[in-house]
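A.B. asks: To start, I am sharing the structure in question, which I have written as structure tokens.
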Amino acid sequence: MQVYLDNNATTMCDPQVVEVMQPFFSEIYGNPNSLHKFGTASHPYLRKAIDQVYTALNASDNDDIVFTSCATESNNWVLKSIYFDKIVNGEKDHIITTEVEHPSVLSTCRWLEEQGVKVTYLPVNEEGIVEAHTVKSFITDKTALVSVMWASNETGMIFPIKEIGDICKEKGVLFHSDAVQAVGKIPVDLQDVHVDFLSMSAHKFHGPKGVGALYIKDSQPLTPLFHGGEQMGHRRSGTLNVPYIVGMGKAIELATTNIEETMASIRAKRDRLEDALLELSDTFVVGSRENRTPNTILISIRGVEGEGMLWDLNNGQIGASTGSACASEDLEANSVMLAIGADNELAHTGIRLSLSRFTTDEEIDYTIEHFKSAVARLRAISSSFAKVAPTPGGEAGECHIPHHMAH
């Protein structure tokens, strides 16, 4: 059996999405900016895709949704344009973000620091989230932007975006959220939450790779990242990627229709997997289930190196991750786990399991069986686990496990 449990990294493209994309490669292939019928033939399909995204997010007609190549581009666009629009002219000099953002936000912020921008990286609490009052305490009259993820790609923890949005609105500060791990997984209602800019990628909700979007509240000005043609109302130059935009529209519609029912089904499988793995001694899951996306588990197994566990899982045809796939070649300790207070050894043991609506009960059963046997094998050869395992008639050694992570 092959089991894919790395859906926070990317998802399978839904066959229904592939089907609607197909005609736009070799049948309806004209440039939509051309005036002839080959170009204009795609217009109704583009309008439908745009409407599908607006509907899924409950965006207003006054808002802009601009298609991009991915959320990395959308994140870069917001951060760099705020620099040019609000900071270069001396009006502001400060941006607030968190220690646990996606690398596309953190790397851009570090680049902005090289340009002289003051960046505050907020710490997370025991649950791995930034609290709204913490954000409020760091906002000054020089703050140009607050950028906080909607949900963590590594832990699945959901941040208090509504409260942070209300604080930013009250303070007159622009608010951006990287919602890659929220859109299509949990309800995202932009009439209910105040967000000025919101980033997303289609491949996180069973759409194609290579297309995303940026939501811009009230069509407010934002210097383009790309200059060139007049596409997307001069906001994002470049010939429109029609098949992928059509695919994204269909994917977000499928992901958000009956989302509560889908969430309940995924959560039931996730909880069954989590309960079974927590039966193992010295295992710890980061964050409460109630405030986590319904598909995600970040589990640490004392004495089991993350990369070793991935190797065993991969040998069993199970795809998992040690954290952010975009940084998976970097074998450093998991930064999110370090941020919530795990010691360095434990932070090397984190395994992320992320389900999708295509995950089956049979796959969960198979994963439980293979995971437990892999842990037994790896612990048997682990020098670090031997040091902390209970000795006959004695107590376990010092584990340095944060009390909030113990289960």
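A.B. asks: Please specify each residue of the stretch 247-273 satisfying the condition of being buried (at least 20 other Cβ atoms within 10 Å of the Cβ) and farther than 30 Å from Q52 by Cα.
C.D. replies: Of everything in the stretch 247-273, just one residue is buried (at least 20 other Cβ atoms within 10 Å of the Cβ) and farther than 30 Å from Q52 by Cα, namely L273.
A.B. asks: Within the stretch 117-141, take every residue that is of a type outside the set (S, T, N, Q), over 21 Å from the mean Cα position of the chain (by Cα) and assigned to a loop (DSSP other than H, G, I, E, B) and give me the one that is farthest from T97 (Cα to Cα).
C.D. replies: So the first thing to find is which residues in the stretch 117-141 are of a type outside the set (S, T, N, Q), and the list is 117-119, 121-124, 126-133, 135-136, 138-139, 141.
Checking the rest, the ones that are also over 21 Å from the mean Cα position of the chain (by Cα) come to 117-119, 133, 136, 138-139, 141.
Subset that is assigned to a loop (DSSP other than H, G, I, E, B): 117, 139, 141.
Numbers: V117: 13, I139: 11, D141: 16 Å.
Ranking the candidates gives D141 first.
A.B. asks: In addition: Restricting to the stretch 121-158, count the residues that are open to solvent by 10 Å² or more (accessible area, probe 1.4 Å), in contact with a Ser or Thr (Cβ under 9 Å, 6 or more places away or on another chain) and not β-branched (V, I, T).
C.D. replies: Within the stretch 121-158, residues that are open to solvent by 10 Å² or more (accessible area, probe 1.4 Å), in contact with a Ser or Thr (Cβ under 9 Å, 6 or more places away or on another chain) and not β-branched (V, I, T) number 8.
A.B. asks: Being among the β-branched types (V, I, T) and part of a loop (DSSP other than H, G, I, E, B) is the filter here, so list the residues in the stretch 1-34 that pass it. Even if it seems obvious, please write down each step before you answer.
C.D. replies: Applying the first criterion (among the β-branched types (V, I, T)) to the stretch 1-34 yields 3, 10-11, 17-18, 20, 28.
Across the stretch 1-34, the qualifying residues are T10, T11, I28.
A.B. asks: Now for a different question. Would you confirm whether or not the stretch 294-311 contains a residue that is at pLDDT below 85, part of a helix (DSSP H, G or I) and over 20 Å from E363 (Cα atoms)? Give the steps one after another, and end with the answer.
C.D. replies: Narrowing the stretch 294-311 to residues at pLDDT below 85: none.
Among the residues of the stretch 294-311, not one is at pLDDT below 85, part of a helix (DSSP H, G or I) and over 20 Å from E363 (Cα atoms), which makes the answer no.
A.B. asks: Could you please give the count of residues in the stretch 160-178 that are in contact (Cβ under 8 Å) with a residue 40 or more places away in the chain and within 15 Å of the chain's Cα centre (by Cα)?
C.D. replies: So the answer is 2.
A.B. asks: Further, regarding this structure: Filter the stretch 62-108 down to residues that are assigned to a helix (DSSP H, G or I) and open to solvent by 50 Å² or more (accessible area, probe 1.4 Å) and give me whichever is nearest to V211 (Cα to Cα). Working first, answer last.
C.D. replies: Step one: list which residues in the stretch 62-108 are assigned to a helix (DSSP H, G or I), which gives 71-87, 103-108.
Restricting the remaining residues to those that are open to solvent by 50 Å² or more (accessible area, probe 1.4 Å) gives 72, 80, 84, 86, 107.
Values: T72: 10, K80: 20, F84: 25, K86: 28, S107: 21 Å.
Here the residue is T72.
A.B. asks: Look at G341 and say whether it is open to solvent by less than 40 Å² (accessible area, probe 1.4 Å), at pLDDT below 90, not hydrophobic (A, V, I, L, M, F, W, C) and not in a helix (DSSP H, G or I).
C.D. replies: Working: open to solvent by less than 40 Å² (accessible area, probe 1.4 Å): no; at pLDDT below 90: yes; not hydrophobic (A, V, I, L, M, F, W, C): yes; not in a helix (DSSP H, G or I): yes.
Spelling it out, it is not the case that G341 is open to solvent by less than 40 Å² (accessible area, probe 1.4 Å), at pLDDT below 90, not hydrophobic (A, V, I, L, M, F, W, C) and not in a helix (DSSP H, G or I).
A.B. asks: So which of N33, N7 ends up being more than 30 Å from H133 (Cβ to Cβ), under 20 Å from the mean Cα position of the chain (by Cα) and not β-branched (V, I, T)? Working first, answer last.
C.D. replies: Values: N33 fails: under 20 Å from the mean Cα position of the chain (by Cα).
Testing whether each residue is more than 30 Å from H133 (Cβ to Cβ), under 20 Å from the mean Cα position of the chain (by Cα) and not β-branched (V, I, T) leaves just N7.
A.B. asks: Now for a separate question. So T155 clears everything in (1) in a loop (DSSP other than H, G, I, E, B); (2) under 16 Å from D93 (Cα atoms) except one condition, right? Which one?
C.D. replies: Only one criterion is unmet by T155, namely (2).
A.B. asks: Could you please find all residues in the stretch 52-61 being touching a residue at least 24 places away in the same chain (Cβ under 8 Å) and buried (at least 17 other Cβ atoms within 10 Å of the Cβ)? Before the answer, list the steps.
C.D. replies: Here is the first cut: in the stretch 52-61, the residues touching a residue at least 24 places away in the same chain (Cβ under 8 Å) are 52-53, 55-60.
Passing the criteria: Q52, V53, A56, L57, A59.
The values are calculated or read from the model by the stated rules, or taken from the named source; none is laboratory data. Note that the structure is predicted; figures quoted are calculated from it, not measured. Quick reminder, even Gly has a Cβ in these numbers, built from the backbone with ideal geometry, and neighbours come from all protein chains shown. With ligands, DNA and RNA removed, areas are computed over all heavy atoms of the protein, side chains included. Shrake-Rupley method; radii C 1.70, N 1.55, O 1.52, S 1.80 Å.
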